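Peer 1: I'd like to ask some things about the structure below.
Rule-based calculations on the coordinates, nothing more; no lab input. This is a predicted model, so every value here is computed, not measured. Cβ placement follows ideal geometry from the backbone for every residue including glycine, while neighbour counts extend to all protein chains displayed.
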Amino acid sequence: MFLKISNLSKTYSNGVKALNNVSLEISNGMFGLLGPNGAGKSTMLRTLATLQNADSGSVFFENTDVLNQKEEVRKWLGYLPQDFGVYPWSTAYNFLDHLARLKGISDSEDRMNAVKEMLERVNLWENRKKKLKTFSGGMKQRFGIAQALIGNPKLIIVDEPTAGLDPAERNRFHNLLSEVAEDVIIIFSTHIVEDVKDICDSMAIINKGKILANGIPGILISEIEDRIWEKAIEKSELEKYEKDFKVISSQLKGGKKVIRIYSGNQPRNDFQLVKSTLEDVYFKKLYEDELEKGS
Amino acid sequence: MLRTVFLKELKYNLRNPLVYTFTLLFLLIGFFHFSNTNPSWNGLIHMGKVNRNSPYLVSNMLSTLSVISIFSIAFISGMSVLKDYKYNTQFFFFTTPLRKSDYLSGRYAGSFLSILLIFIGGIIGIITGSYFAGNGINGVYKVSTYLIPSLVFIIPNIIFISALFFAIGTLKQSTIYLYAISIVFVIYLFALQGFTADLLRNGLLENKLLLHFLSFIDPLGGNAFKMETVNWSLSLKNNQMIPLSFLFLLQRFLWTVIGILLLIVTNIKFKMDSESVKSNTDE
């Protein structure tokens, strides 16, 4: 399976350029769209999910023109919005059953099996008869995931799915997605680097509507290997270091600031070479992007 | 798909307190008016000595119930699509292969039938009430006494009122509009019908053009009916079928057509996408 996004652009009426000439090629498996809040992730996912039109560009899923053949796309689309609600009066079973019917599972026995299987997979089977208004945030999120996955979709789009999940739930969610990702395309957005590191086959970093990097997480990490240096400093020194070095990230550790610097050679002998991570890739790209914008 | 949406909406409404409260309310209003034999008692309509099972009184009652029904229809029809925006479930539906017209017509039909149920409650109240009133104040029972007034009042009125609020709720995506417009609508009808009644009481019947105008601008047909029957004697009120004159039927037809046009406009203007969601916060 193959999704080809070409030169996608979108500017909102308030002047915000949410997508700026985005081109991506995505094949089977998990694709992570990583970016800070306001980067354009949701705009891009809503566009792929047939909910929004682009100003220019094209999106093709196999031979289907996603931007113009919306009804066709919706036959095999699974979508989890970033922000959604549920019918408070309905039970998890009834609401999922209704959505499954609309997704085209018309045979009642097939539907019963599909709903049961999906509720079991997201660990809600025991709560199937409970009203959705009694659900916690995590349970609601799992319900959202269930409705996105039901009906064997070929293109699954999930917007910030791990927000509001506890670590155990997040883990279970990662496993669940990995299980189905083999024969389908799953695109999911997040601002959490670990989400991508743990499960994505490929990824893109997006900021202010532009793709800053795109590729396989391992390769992106290896590109900055032996170039990340670390040093613990006093909090008050941060500004000085930021002026002198390419500080891509800083983190509080035991009362001290630990800064990470991107550099081809050792910036000073009190800096220590550390193993590069996906986080470094992400922060370096954002750092460079900000620098470019600032200049 | 349409059937799925329709049945779900109907099921939802059958558990909606607004629906059964109004069904019960209409039943009781019908019953208490038509079982009361005291000629000087005035309820929502003046009953007097007229036969309780006359088309005249049944029409009067159905016309009045139509006005009261605005408050229930505003929320039953107005919320039928709006609830997806209110509960933020719209995108679940918009990303299924469900067609826009199926989504809208399924929801509308489900709410329409629920509203019909409320009026059936009213009719049952009217019939049982007149039975309780006894033979002294009743004529011969005929199906047409109830059927014809239902066809000229209930059906066109539900179509217009429900289409109006369906359009408002679906396109404006806000309950405030439903509250505001239902109140304005009812005040308008009271003012209009009160004004017309005064004119008729003062015998100002010469100005035909004004009277026709006043009939036509009452979307629920109350004024039109009043004009047709203003000079009726007690005997006519007791026995005569309501006058199905050309102008009266035209009035009923016109507002039905306006209702249907509102539905067509709703179908054209409505978009199953995220950009037309009013509270949408884009990033």
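Peer 1: For chain A, set up a GNM with springs between Cα atoms under 10 Å and report which of A:N37, A:N214, A:N20 has the largest fluctuation.
Peer 2: Top of the fluctuation ranking is A:N37.
Peer 1: Could you go through the range A:29-45 in sequence order and give the Karplus-derived ³J(HN,Hα) for each residue, using 6.51 cos²θ - 1.76 cosθ + 1.60 with θ = phi - 60°, rounded to whole Hz, and x for Gly and Pro?
Peer 2: For the range A:29-45, the Karplus curve yields x, 8, 10, x, 10, 9, x, x, 4, x, 7, x, 4, 5, 4, 5, 5 Hz.
Peer 1: DSSP loop (so not H, G, I, E, B), at most 15 other Cβ within 10 Å: list which GluC sites (Glu not before Pro) in the range A:23-106 pass both filters.
Peer 2: For GluC sites (Glu not before Pro) across the range A:23-106 that sit outside H, G, I, E and B with at most 15 neighbouring Cβ atoms in 10 Å, the list reads A:E62.
Peer 1: Near the amide H of A:I233, under 5 Å away, which other amide H atoms are found, from residues 5 or more places off or on another chain, if H is placed in the peptide plane?
Peer 2: For A:I233, the qualifying residues are A:K257, A:V258, A:I259.
Peer 1: Can you say what percent of the DSSP beta bridges in the protein assembly as shown, counting only those with both residues inside, are antiparallel? Round to 5.
Peer 2: 65
Peer 1: Tell me the Rg and the Dmax, in Å, that the Cα atoms of the protein assembly as shown produce.
Peer 2: 32.4, 113
Peer 1: Quote the FRET efficiency, to the nearest 0.05, computed for A:V16 versus B:L7 with a Förster distance R0 of 45 Å and r equal to the Cβ-Cβ distance.
Peer 2: 0.60
Peer 1: Moving on. Enter the mean projected area of the convex hull around the alpha-carbon atoms of chain A, in nm², rounded to one decimal.
Peer 2: 17.8
Peer 1: If you don't mind, there's one more thing I want to ask. Just want the ordering: A:I228, A:I221, from fewest to most Cβ atoms lying within 10 Å of their own Cβ.
Peer 2: In increasing order of surrounding Cβ atoms, one gets A:I221, A:I228.
Peer 1: Taking the alpha carbon gyration tensor of the range A:116-179, what are the square roots of 5 times its eigenvalues, largest first, to the nearest whole Å?
Peer 2: Over the Cα atoms of the range A:116-179, the ellipsoid semi-axes are 17, 15, 11 Å.
Peer 1: Taking every DSSP beta bridge that has both residues in the range A:2-215, what percent is antiparallel when rounded to the nearest 5?
Peer 2: Of those bridges, close to 50 percent are antiparallel.
Peer 1: Please list the non-local residues whose amide H lies under 5 Å from the amide H of A:V122, H modeled 1.01 Å from N, same-chain partners needing a gap of 5 or more.
Peer 2: For A:V122, whose amide H was placed from the backbone, there are no distant partners under 5 Å.
Peer 1: Listing B:D102, A:D97 from the residue with the fewest other Cβ atoms within 10 Å to the one with the most, what is the order?
Peer 2: Result, fewest neighbours first: B:D102, A:D97.
Peer 1: Now for a different question. Taking Rh as the Kirkwood radius, which is the inverse of the mean 1/r over Cα pairs, what is the Rg/Rh value for the range B:77-116?
Peer 2: Radius of gyration relative to Kirkwood radius: 0.99.
Peer 1: Please identify, among B:S101, B:S130, B:S80, the residue showing maximal mean-square fluctuation in a Gaussian network model of chain B using a 10 angstrom Cα cutoff.
Peer 2: Evaluated over chain B, the most mobile residue of the options is B:S101.
Peer 1: Here's something else I'd like to know. How long is chain B along each principal axis, judged by its Cα atoms, biggest number first, in Å?
Peer 2: 69, 42, 28
Peer 1: At 222 nm, what helix-only mean residue ellipticity would chain B give, in deg cm²/dmol to the nearest 500, using -39500 (n - 2.57) for each DSSP H run of four or more?
Peer 2: It comes out at -24000 deg cm²/dmol, rounded to the nearest 500.
Peer 1: In the range A:171-277, what trypsin sites (Lys or Arg not before Pro) fall in a loop by DSSP, with at most 10 other Cβ atoms inside 10 Å?
Peer 2: Sparse-neighbourhood loop trypsin sites (Lys or Arg not before Pro): A:K275.
Peer 1: Tell me which trypsin sites (Lys or Arg not before Pro) from the range A:83-134 have a DSSP coil assignment and no more than 15 other beta carbons within 10 Å of their own.
Peer 2: Answer by residue number: A:K129, A:K130.
Peer 1: Output wanted: per-residue J couplings in Hz (rounded whole) for the range A:262-271, from phi through Karplus 6.51 cos²θ - 1.76 cosθ + 1.60, θ = phi - 60°, x for Gly and Pro.
Peer 2: Calculated HN-Hα couplings, in order: 9, 7, x, 9, 4, x, 6, 6, 8, 9 Hz.
Peer 1: What list of ³J(HN,Hα) values in whole Hz, one per residue of the range B:222-236 in order, does the Karplus curve 6.51 cos²θ - 1.76 cosθ + 1.60 (θ = phi - 60°) give from phi, with Gly and Pro shown as x?
Peer 2: x, 5, 4, 5, 4, 4, 5, 10, 4, 9, 5, 7, 4, 5, 5
Peer 1: Using the structure shown, list the pairs from A:K208/A:K246; A:K197/A:K253; A:K285/B:K100; A:K4/B:K86 with a Cα-Cα distance above 32 Å, or answer none.
Peer 2: A:K285/B:K100; A:K4/B:K86
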